[in-house]
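See structure below.
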Amino acid sequence: MTNTELAEGLAFNISATDGRARTGTLETAHGVVRTPAFMPVGTAGTVKGVSPDAVKALGADIILGNTYHLMLRPTAERIARLGGLHKFMNWSGPILTDSGGFQVMSLTKLRKMSEEGVTFQSHIDGSKHELTPERSMEIQALLGSDVVMSFDECTPFPATREVAAKSMRLSMRWAKRSRDAFQRAPGRGLFGIVQGGVYEDLRLESVEALTDIGFEGYSIGGLAVGEGQEEMFRVLDFTTPALPQDKPRYLMGVGKPGDIVGAVLRGVDMFDCVMPTRSGRTGQAFTRRGTLNMKNARHVDDPRPIDETCPCPACQSYSRAYLNHLFKARELFGYTLLTLHNLTYYQQIMAGLREAIAAGELDRFAGDFYAAQAAGDIDQI
């Protein structure tokens, strides 16, 4: 890849396709992301409970940072003075930041939205703040993120057609302002966010508006908010084919392993979700054979690992019985071990998807995946 190409933003290359699925690379200022990709969530400048080196070692190319949380604490200006988010958190790879819009809508109680943006009170100390498309672009530039999200309103679910239309059209006006305010730099790009609820005509109107503006990639927002997998897949079935074929597609906030495999089959390239890390702190393990509750008494005398084929530290060195003990004793080491396991499993899924697409065997991979998930856990000792 030449610097000339990177000077225009992000370089996205598709190396193979299988049906609607694609595999390739997204080149950024801080390195290459292999797609399809899952991004561990580092909300406040850390992937909870694990080191950046561990996150890299388990196969992650890119992580997600959160504009809302970082603007409130320690502030984007402080992070910029300290050398940017990469240096601040000791992560040398690419970083994607969300715009802050979702958190403003979901975490703040006292907020006022207008055409200009959103004013709100911090959930931390009650201090008053304003977030606009221009301010969101400024914050993400101060953080130094490689992949930037346009500022949007996350349409609530359920929403009437009228509410979804009004919300989407406001987000499209904010997307244009985000594009105008975005600070272009080599290896840095801005994604527009498709909204429109579950309504096909509104989603397609949103896609048209965003492609008219022009972005380095396209995010699909407003899903995984309670609509269920069947409805999410239905929306993807008419949304992803309408998006530009030569740009990366990012399904925001998704999801469970079965959601990810189904979305890749429908042409999505990038994912993020708190599930593997949050579940790792509550005792839920994701495995080839479905999800396990490590607090369950069935594991109390089990000397076997969660999954004997898994290369993670938890499976290589510790038993189900030990993990059961750690969670019952509320030992922090248990949270770290299970987080590492879940993140490793997610990255194994992504590697398997990439290999299957390249080999033209995605249908076989997906069939084997869903069959193994349905089979359930190994027999209890």
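A few remarks follow.
- Volume of the Cα convex hull of the stretch 72-231, divided per residue and given in Å³: 125
- Across the chain: Cys residues that no other cysteine approaches within a C-beta distance under 4.7 Å: C154, C273, C312
- Over all pairs of different C-alpha atoms, the stretch 3-273 has a mean inverse distance whose reciprocal, the Kirkwood radius, equals 18.5 Å.
- Rounded to the nearest 20 debye, dipole of the stretch 3-273 from Cβ charges on Lys, Arg, Asp, Glu: 660
- Of the residues D363, D98, the one with the fewest other Cβ atoms within 10 Å heads the list, and the complete ranking is D363, D98.
- Relative protection proxy for 209-222, 284-297, 142-155, from highest mean packing down: 142-155, 209-222, 284-297 (other beta-carbon atoms within 10 angstrom).
- Length released on extending from N296 to R81, taking residue separation times 0.36 nm less the Cα-Cα span: 72.7 nm
- 0 to 90° range, to nearest 10: angle between helix 229-239 axis and the chain longest Cα axis: 40
- Förster-model FRET efficiency, 41 Å R0, R330 and K176, C-beta, rounded to 0.05: 0.25
- A straight line joining the Cα centroids of the stretch 76-142 and the stretch 6-45 runs 23 Å.
- Packing, taken as the mean count of other beta carbons within 10 Å per residue, orders the peptides 340-351, 11-22 from highest to lowest as 340-351, 11-22.
- Most mobile listed residue (T309, T282, T46) in the chain, GNM with C-alpha springs under 10 Å: T309
- Stretching the chain fully between D212 and K56 yields a gain of 52.5 nm (0.36 nm per residue, less the alpha carbon separation).
Readers should treat all values here as calculations from the given coordinates under stated rules, not as data from a laboratory. Worth saying up front: this structure is predicted, and the values here are computed from it rather than measured. Positions of Cβ are generated from backbone atoms using ideal geometry, with glycine treated the same way; all protein chains shown enter the neighbour counts.
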